[in-house]
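Notes for the one structure printed next.
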Amino acid sequence: MHIFLTGASGLVGGAFAKAARRRGHTVTAITGTSTAPVAGAKTQRRLDLTNEAAVTAAILEAFPDLIVNCAAVSEPGKCDADPVRSHQLNVALPAALARVAHHVSAKLIHLSSEQVFDGTAAPYSTGSTTNPINLYGRQKLASEEAVHTAASEFAITLRAPLLTGNSPSGARSLHERLLADWAAGKTPAVFADEIRQPCTAENLAEAMLECAERDDLRGVFHWAGAEPLSRAELARRIRDHFKLDEKSAPLRVVRRAEEPALAAGRQADLTLNLKPLAGLLKTPVESFDAQLDQLVLPPPVRDWYFKQ
Ligand SMILES: NC(=O)c1ccc[n+]([C@@H]2O[C@H](COP(=O)([O-])OP(=O)(O)OC[C@H]3O[C@@H](n4cnc5c(N)ncnc54)[C@H](OP(=O)(O)O)[C@@H]3O)[C@@H](O)[C@H]2O)c1
C-alpha cells in the first residue's frame, strides 16, 4: 500500500513508518517542524497541517491507498495552553483528512484516546458512554465523530492508551519523560490510585497496520496493553528496569484525594476492554514486562544515566 502518514516525527508516527516499511508498504511521511530523517519513509516532506488546502493538495498529489493520522497536539496541558491550535490539529485536521479519504477512496486510520472517558466507570468497552473531562478528551471525541461522519465506510479509529516505547526524539514516551525528570533533578509525583493500561507505540503501530491490511474492519476500536497498572507501579517498574534506585530516581507517591489540584482534569481509571480487536488481530496484546524489554535508554539522558 502507498501510505500518507501525518505526524511521522512523533512517537506513534515514527514507530508506524518503520513498521510499515518492514511490512512492505511505501510511506510518504509528513512532519511539521522536524527535519530529521524519518526511518522507513520512502519520501518525506514538511507541511503545516493546519493549512487545509495544502493538506488536500498534498494528498491528491500522493493519491495514497491509506491515510494514517498520527499528528496531534497530544498532551492535555498543551491543548489547554492553545485551544485554537489544538482544535485545528485535533479536530479540524482529522475531519479534513476524512473528507479527502472519502474523495479519493482511501482508507483512513485515525488515533483517538482513552481520555474520551471520564475514568469513573472502568473497564470501558467501545460502546461505553463517553464523557471527557478535559479539553484534549473533548477534542478527541469530536475528532471521532467528524471522522466517522465524513468517511464511515473508509475509517478506523483506534482509541489508544498512555504510551510507552521509543520515540524519535527520545523525549515523548512514558519512560523517556520519567528519565528526563530524574535527569533534571526532579522528583515526579505519581498517583497510587490512577490506573492506566499502557502499550508501546511500536505495538500500537503493528495493530494499526494490521487493521489497515484487513478489509473487514471499520469503526471505533480499543487497543492497549494487557495490564491495568497504577502510575506509581508503572514508574517503579520503569525505575527497576533501568536499574535505578530511590536515591538517583526518586518518586513522590501520592493519592488523588491528597492532591486535588494535581488530580483535576485527570481520570482515575482508564482500563479498556479490548474486545473485539484483541481477538481478531495477530498482533499480541503485550504484558508490561514485554514492553519494558523493548525500552531503550533515550539519548537525551545518556550522560546523566552513566554517571549514576
Ligand atoms: N502519546 C500518548 O501517550 C498517546 C496516548 C493516547 C493517544 N495518543 C494519540 O496518538 C496520536 C499520536 O500521538 P503521539 O504521542 O505520537 O504525538 P506526538 O509525539 O506529540 O507527535 C505529534 C506529531 O504531530 C505533528 N504536528 C503537530 N503539529 C503539526 C502541524 N501544524 N503540522 C504538521 N505536523 C504537526 C508533529 O510534527 P513535528 O514534531 O515535526 O512538528 C509530530 O509529528 C495522537 O492522535 C494522540 O492524541 C497518544
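Among the numbered criteria (1) more than 28 Å from residue 215 (Cα to Cα); (2) part of a strand (DSSP E or B), which single criterion is violated by residue 5?
Result: residue 5 passes all but (1).
For the stretch 63-78, how many residues are more than 9 Å from the ligand (Cβ to nearest atom) and either of a type in the set (Asp, Glu) or outside any loop (DSSP other than H, G, I, E, B) (or both)?
At the first step, the residues of the stretch 63-78 found to be more than 9 Å from the ligand (Cβ to nearest atom) are 63-68, 76-77.
Now drop any that are not either of a type in the set (Asp, Glu) or outside any loop (DSSP other than H, G, I, E, B) (or both), which leaves 65-68, 76-77.
Matching residues across the stretch 63-78 total 6.
Any chance you could count how many residues in the stretch 30-43 are of a type in the set (A, V, I, L, M), near the ligand (Cβ under 8 Å from one of its atoms) and surrounded by fewer than 23 Cβ atoms within 10 Å (Cβ to Cβ)? Before you say what the answer is, go through the steps one by one.
Taking the stretch 30-43 as the starting set, the residues that turn out to be of a type in the set (A, V, I, L, M) are 30, 36, 38-39, 41.
From the residues that got through so far, the ones that are near the ligand (Cβ under 8 Å from one of its atoms) too are 30.
Next, from what is left, pick out any that are surrounded by fewer than 23 Cβ atoms within 10 Å (Cβ to Cβ): none.
Going through the stretch 30-43 one residue at a time, the tally reaches 0.
Output the residues belonging to the stretch 94-132 that are among the hydrophobic types (A, V, I, L, M, F, W, C) and within 15 Å of the ligand (Cβ to nearest atom).
95, 96, 97, 98, 108, 109, 111, 116, 117
Specify which of the listed residues (97, 108, 93, 47) is farther than 20 Å from residue 162 by Cβ, touching a Phe, Trp or Tyr at 6+ places or on another chain (Cβ under 6 Å) and of a type outside the set (Asp, Glu). Before the answer, list the steps.
Values: 97 fails: touching a Phe, Trp or Tyr at 6+ places or on another chain (Cβ under 6 Å); 93 fails: touching a Phe, Trp or Tyr at 6+ places or on another chain (Cβ under 6 Å); 47 fails: touching a Phe, Trp or Tyr at 6+ places or on another chain (Cβ under 6 Å).
So the residue among 97, 108, 93, 47 that is farther than 20 Å from residue 162 by Cβ, touching a Phe, Trp or Tyr at 6+ places or on another chain (Cβ under 6 Å) and of a type outside the set (Asp, Glu) is 108.
Condition check ((1) outside any loop (DSSP other than H, G, I, E, B); (2) surrounded by fewer than 21 Cβ atoms within 10 Å (Cβ to Cβ); (3) within 12 Å of the ligand (Cβ to nearest atom)) across all residues:
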residue	(1), (2), (3)
9	no, no, yes
12	yes, no, yes
18	yes, yes, no
28	yes, no, no
56	yes, yes, no
61	yes, yes, no
89	yes, no, yes
92	yes, yes, yes
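Since every read-out is calculated from the coordinates, none of them should be taken as a lab result. Note that this is a predicted model, so its numbers are computed, not measured. Please note: Cβ atoms are built from the backbone with ideal geometry, for glycine as well, and neighbour counts cover all protein chains shown.
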